[in-house]
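K.L.:
The structure follows.
Readers should treat all values here as calculations from the given coordinates under stated rules, not as data from a laboratory. The structure displayed is predicted, hence computed values, not measured ones. Because the Cβ atoms are built from the backbone with ideal geometry, glycine has one as well, and the counts that use them run over all protein chains shown.
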Amino acid sequence: MVRQTSLSVDNLIYPLFVVPGIGIKREIGSMPGCFQQSVDFIVQEAVELRSLGIPALILFGIPDSKDETGSAAFKEDGVVQSAIRAIKEAVPGMFVITDVCMCEYTSHGHCGIVEKGEVDNDKTLSLLIQEALSHARAGADMVAPSDMMDGRVGAIRNALDREGFKGIPIMSYAAKYASAFYGPFRDAAESAPQFGDRRSYQMDPANRKEALKEVALDIEEGADIIMVKPALSYLDVISDVKASFVLPVAAYNVSGEYSMVKAAARLGWIDEQRVMMEMLTSIKRAGADIILTYFAKDAARLLNNQWK
Ligand code: PBG
């Protein structure tokens, strides 16, 4: 009766990694319980998410081949585009979100066009537009740009409106820090930068106020949901963002945060279920309305009393 924070299955979004082919389900070494999967298995995941009551998933694509400009990101029959269509056909009620970013598709692993050894923010925008549009055409319910290039929310919003996708919202990775907690994800998405790092476009972990500036810019450009990422080392930022803006706040409980729990639990050093619930509750308590987490299915099983 007096509990001040409650976690609900409705708050969860489950990330999935799609690969080309059929019949493929490969566990990601550094993320036990998470898989790279072909579209047929991704559809089975969507069915399971539905039965657990998880309302939404977010898709990350790992293409067959990568090139300098990440052209596989906006192919009509690309991995993500195919997965969207298949999920929507099999589980129409599932809310399908897509990650809009170039890093999974570029040979150099950066989130944008590289010129003279540097990521060119402005030239990247046209690629992100093409990627977002191709997801919308395939039937995505929401797009989530994660690259942190300046101006991309406005550019994508304009393009979606112009092409007849006025009703598709944008969840922007508004305050995304240059974090070592993304390590396991880069294994999963095969997207580690081949040179340098992402510090020219992601934020310095030491900066708190800058997050408010980044969020305000994305809202001005038309973001519908604003995200803070990672979650656990940035609970103060989540709290600030929640207090300063009225839009729904999402937080990404990232790969490294997940893998550390899995590893420690395997060693018998912590109680996995309790640590998981404590972490998710803390993210909610800090102010997140929505949590993207690889724990979504496990947490849902506990919340639904379906734990086996
Ligand atoms: C970039 C992207 C990243 C994550 C989500 N989108 C990695 C990065 O910026 O290097 C990380 C998610 C995670 O660690 O779980 N497309």
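K.L.:
Scan the stretch 163-187 and report the pairs whose first residue is farther than 26 Å from ASP236 by Cα and whose second residue is within 13 Å of the ligand (Cβ to nearest atom) and not in a strand (DSSP E or B), with Cβ atoms within less than 7 Å and a gap of 6+ or a chain change.
P.N.:
So the pair list comes out as ASP187/SER30.
K.L.:
Residue by residue through the stretch 280-308, note down the ones that are surrounded by fewer than 21 Cβ atoms within 10 Å (Cβ to Cβ) and of a type in the set (Ser, Thr, Tyr).
P.N.:
Scanning the stretch 280-308 gives THR281, SER282.
K.L.:
Here's something else I'd like to know. When you scan the stretch 1-117 for strands (runs of 3 or more DSSP E) that lie fully inside it, which ones turn up with 2 or more residues that are out of contact with any helix residue (DSSP H, G or I) (no Cβ under 6 Å at 6 or more places or on another chain), within 30 Å of GLY151 (Cβ to Cβ) and not hydroxyl-bearing (Ser, Thr, Tyr)?
P.N.:
On the way: elements: 12-18, 25-28, 31-37, 56-61, 95-100, 113-115.
Once the strands (runs of 3 or more DSSP E) in the stretch 1-117 are filtered for at least 2 residues that are out of contact with any helix residue (DSSP H, G or I) (no Cβ under 6 Å at 6 or more places or on another chain), within 30 Å of GLY151 (Cβ to Cβ) and not hydroxyl-bearing (Ser, Thr, Tyr), what remains is 12-18, 56-61, 95-100, 113-115.
K.L.:
Another one. Since GLU118 meets every condition but one in (1) under 19 Å from PHE245 (Cβ atoms); (2) in contact with a Ser or Thr (Cβ under 9 Å, 6 or more places away or on another chain); (3) exposed (fewer than 15 other Cβ atoms within 10 Å of the Cβ), which condition does it not meet?
P.N.:
Among (1) under 19 Å from PHE245 (Cβ atoms); (2) in contact with a Ser or Thr (Cβ under 9 Å, 6 or more places away or on another chain); (3) exposed (fewer than 15 other Cβ atoms within 10 Å of the Cβ), the lone unmet condition for GLU118 is (1).
K.L.:
So in the stretch 95-125, with the set limited to residues that are away from the ligand (no atom under 15 Å from the Cβ) and within 16 Å of the chain's Cα centre (by Cα), which one is nearest to ALA140 (Cα to Cα)?
P.N.:
Selected residue: VAL96.
K.L.:
Any chance you could count how many residues in the stretch 132-158 are more than 17 Å from the chain's Cα centre (by Cα) and over 24 Å from ARG198 (Cβ atoms)?
P.N.:
Of the residues in the stretch 132-158, 5 are more than 17 Å from the chain's Cα centre (by Cα) and over 24 Å from ARG198 (Cβ atoms).
K.L.:
Which residue, of ALA86, ALA73, ALA90, is closer than 18 Å to PRO193 by Cβ and aliphatic (A, V, I, L, M)?
P.N.:
Testing whether each residue is closer than 18 Å to PRO193 by Cβ and aliphatic (A, V, I, L, M) leaves just ALA73.
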